[in-house]
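A short worksheet on the structure shown next.
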Amino acid sequence: MDAKRKYAIKNKCPKGVWKAARAVYRKTAWWKCRAAMVFSSGSMKMYCPCCGTKIRKFVEGDYSGRGEFYDLSLFQNVRQDVLCPACGSLPRQRILAGWGDRHKGLLVGKDILFFAPERSMTKWLDDSGITYTTADLMDEDADLKLDIQKTGLPDNSYDVIMCNHVLEHVDDYHVALREMRRVLRPGGVFILSFPVSQNVELVDEDPSVVTEEARLKRYGQSDHVRLFGRHAEQLLAEEGFDVELIDGKDYPENTLPVVGPSEYDIDRLYLCRVKDERADDAGSAAGAQGAVAVDGAAAGLEASREASPAAGDAVPDLSIVVPIYNVEKYLPKCVDSLLRTPGIEKAEILLIDDGSTDDSGKIAKEYASENDFVKCFRKRNGGLSDARNYGLKKACGKYVFFCDADDIVFPEGMEKVIVSSSESDADVILWNGAAIDENDKEIASDRDLILTHKGLPEDGKMITGTEAMILQLEENNKAAMTAWLRACRRDFLLSNELFFEEGLIHEDELWTPQVMIAAGRVLFEKEKVYGYRVRENSIMNAEAQERKHAETMVYVMNKLSVLYTMRVPDKKQRKVLLRGRASDYLWAIGAYDVGKYRFRKLVPKYRIYSASRGLKMKIKSGVLVNFGVRSYCAIFGKRCRKTAGGGARK
């Protein structure tokens, strides 16, 4: 059916009839494509990341039959088979889905606002278990009816904003960009795209062009009021954004990301973050005593190598990375505990100010100015994982230890860690911790099993990381997963690209198993080194973030299931690892009430069931498999919420 006939039928049909017919048509098309993928797999050369369908070829877009709406002269010398026949995705949507697959940690567990939602992308979000809120001024099916130029939303209300091909329609794109900047939270991302002409420098707009015919001729589409140019990212930067290009050329050709009208370049999206206006000038800061440094963005792996000391320079035994965000109350306690450690001058302390808005940055600079081995870096807010990755890339030490700014170390234990860092060649050095209160006093805690490495050899014997986790699980049915109970050899982390996945709440529960599986030599020092502060109003105890906890835990469940299956060849070891995590997953599903969210379908129910051992676990996982996540939460949720979880939670 050509586009003109389709739109004629739509205008004559009652709304309910049209929507029902459209839904049936779309579902039928999807099933046809899926059936062809199964029965004719050899001929399926193209792939749509939005719906996960392999197809023979993409199909012709609607513009070919709508000369009154599109300027067809812009489409003459290009391929027009750009739509996915299964979900209707366009190249820009497939680029966005491909980017999302690579950076899912920035989306999982976040508050997402999606302007002018596109069917193919909402399908990808739903299939990925990512929750979102849709917004549109005209679409009655959207969750919120909003004008992007004046939303009425509170300041800093969303972590992620997605907006494809909207700014070319609005009256004033400057106002729209300022509104998005206001609504976006610190550390959040704004992902957008718009038509780009290679014949325009920045933007082509003219208020005198008001008729549809004139706009069609000037901008290529009858409802566009401007056309952006090849350097449009400068316009975004002028509105206070740091801009990163998402280039379609970086994605597989079989998704057809690089096609479009001859005058347009539609293989480009823009990833924007709010600029850190509080960042100082790097040049003026460089002369400060204590090497106080300022940077607006994390360097890459090559930059981390360039940061290594030159030949002949002393290499610290240990780099202590302390991410800082609005912890002015606790930061002095943390740094003072480090400075009281005998031999601390053999280490370096990297204070990473992650865009703090209180006096944390000022306090960090004061420590750096008073101590040569203390360095302060300021960066835009990107979250704990981003700050840790930044510190890892800036570190120069043989080993790296990640210390939270609201916790402390015990100087006697820390001294022995520094000695081990100098003498050992282990990939990972482990130690114990203890819970402390607001006054730095040790307290009794139900977290002992996840604050200590009980079950590991105490005679200095080296074991593999997999063996270390197995021993703890067999001894206690728990394994300590926190990043701050270990120091890792820096070159080991970099060579294996063991960075923290950004955007996750439970980043340690994913990062630590990845590190331990890769570690060939692990040393356990039976020392009490770390003081974990129990804070009732901290991030991990905030009830308002229950959905984010649930979403990230489901994401981690699936990632670790794949990790153990792919990276642990020994079947017995793999079973022990999966069994240990199954207990935590059964707790998390009930405690975070996963059943009330759309991403409940992503819970790996059958893997949890097959990994469960013991009558109680089998009963619980049996309910999960046979009656679903909702029923499981209704039966066991209250009990799970009353019991302690599987990891130290801040």
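The values are calculated or read from the model by the stated rules, or taken from the named source; none is laboratory data. It should be emphasised that the depicted structure is a prediction, and the values quoted were computed from it without experimental measurement. Neighbour counts run over all protein chains shown; Cβ positions are idealised from the backbone, glycine included. The area values use the complete protein model at the heavy-atom level, side chains included, leaving out ligands, DNA and RNA. Shrake-Rupley method; radii C 1.70, N 1.55, O 1.52, S 1.80 Å.
Any residue in the stretch 138-151 that's without any contact (Cβ under 8 Å) to a residue 24 or more places away in the chain: show its pairings with residues that are surrounded by 11 or more Cβ atoms within 10 Å (Cβ to Cβ) and of a type outside the set (A, V, I, L, M) at Cβ separation under 6 Å, as long as the two are six or more apart or on different chains.
ASP143/THR133; ASP143/THR134
Give just the number: which of (1) buried (at least 19 other Cβ atoms within 10 Å of the Cβ); (2) within 28 Å of VAL59 (Cβ to Cβ); (3) not small (Gly, Ala, Ser) does ASP101 not satisfy?
Just one mismatch for ASP101, condition (1).
Being among the hydrophobic types (A, V, I, L, M, F, W, C), over 30 Å from ASP358 (Cα atoms) and assigned to a strand (DSSP E or B) is the filter here, so list the residues in the stretch 161-209 that pass it.
Listed by number, the residues that qualify are CYS163, LEU192, VAL196, VAL203.
Would you point out which residue out of GLY531, GLY465, GLY503 is of a type outside the set (Val, Ile, Thr) and on the phi > 0 side of the Ramachandran plot?
GLY503
Determine which single condition GLU168 fails, assuming it passes every other condition in (1) in contact with a Ser or Thr (Cβ under 9 Å, 6 or more places away or on another chain); (2) modelled with pLDDT of 90 or more.
(1)
Which of the residues belonging to the stretch 472-500 are closer than 10 Å to TRP511 by Cβ and open to solvent by 40 Å² or more (accessible area, probe 1.4 Å)?
PHE499
Look at GLU348 and say whether it is surrounded by fewer than 18 Cβ atoms within 10 Å (Cβ to Cβ), acidic (Asp, Glu) and at pLDDT 95 or above.
Here the answer is no, as GLU348 does not meet what is asked.
Please pick out the residue among SER319, SER385 that is farther than 24 Å from ASN439 by Cβ, in a strand (DSSP E or B) and open to solvent by less than 10 Å² (accessible area, probe 1.4 Å).
Residue meeting the stated conditions: SER319.
List pairs: first in the stretch 94-112 and of a type in the set (Asp, Glu), second open to solvent by 10 Å² or more (accessible area, probe 1.4 Å), Cβ under 6 Å, 6+ apart or cross-chain?
Qualifying pairs under 6 Å: ASP111/TYR158; ASP111/ASP159.
In the stretch 325-333, is there at least one residue being open to solvent by 40 Å² or more (accessible area, probe 1.4 Å) and at pLDDT below 90?
no
Suppose the filter is open to solvent by 40 Å² or more (accessible area, probe 1.4 Å) and either within 18 Å of GLY100 (Cα to Cα) or touching a strand residue (DSSP E or B) at 6+ places or on another chain (Cβ under 6 Å) (or both); does GLU168 pass it?
When the stated conditions are applied, GLU168 does not pass them.
Please count how many residues of the stretch 113-145 are of a type in the set (A, V, I, L, M) and buried (at least 20 other Cβ atoms within 10 Å of the Cβ).
5
Scanning for something touching a strand residue (DSSP E or B) at 6+ places or on another chain (Cβ under 8 Å), surrounded by 23 or more Cβ atoms within 10 Å (Cβ to Cβ) and either among the polar types (S, T, N, Q) or more than 24 Å from PRO316 (Cβ to Cβ) (or both), does the stretch 424-432 turn up at least one residue?
no
Quick grid of which residues meet (1) closer than 29 Å to ARG273 by Cα; (2) open to solvent by less than 60 Å² (accessible area, probe 1.4 Å); (3) in contact (Cβ under 8 Å) with a residue 12 or more places away in the chain; (4) among the acidic types (Asp, Glu):
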| residue | (1), (2), (3), (4) |
| --- | --- |
| GLN198 | yes, no, yes, no |
| ASP204 | yes, yes, yes, yes |
| VAL209 | no, yes, yes, no |
| ALA214 | no, yes, no, no |
| TYR219 | yes, yes, yes, no |
| LEU227 | yes, yes, yes, no |
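Do you know which of the residues in the stretch 27-53 that are surrounded by fewer than 15 Cβ atoms within 10 Å (Cβ to Cβ) and either in contact with a Gly (Cβ under 9 Å, 6 or more places away or on another chain) or not in a helix (DSSP H, G or I) (or both) is modelled with the lowest pLDDT?
Going through the qualifying residues, I end up with SER40.
It is to be established whether one or more residues within the stretch 263-280 are part of a loop (DSSP other than H, G, I, E, B), among the β-branched types (Val, Ile, Thr) and either surrounded by fewer than 14 Cβ atoms within 10 Å (Cβ to Cβ) or at pLDDT below 60 (or both).
No: zero hits.
For the stretch 285-305, indicate whether the set of residues that are at pLDDT 60 or above, among the acidic types (Asp, Glu) and surrounded by fewer than 19 Cβ atoms within 10 Å (Cβ to Cβ) is non-empty.
No, the conditions are met nowhere in the stretch 285-305.
Count, please, the residues in the stretch 13-22 that happen to be open to solvent by less than 60 Å² (accessible area, probe 1.4 Å), of a type in the set (A, V, I, L, M, F, W, C) and assigned to a helix (DSSP H, G or I).
3
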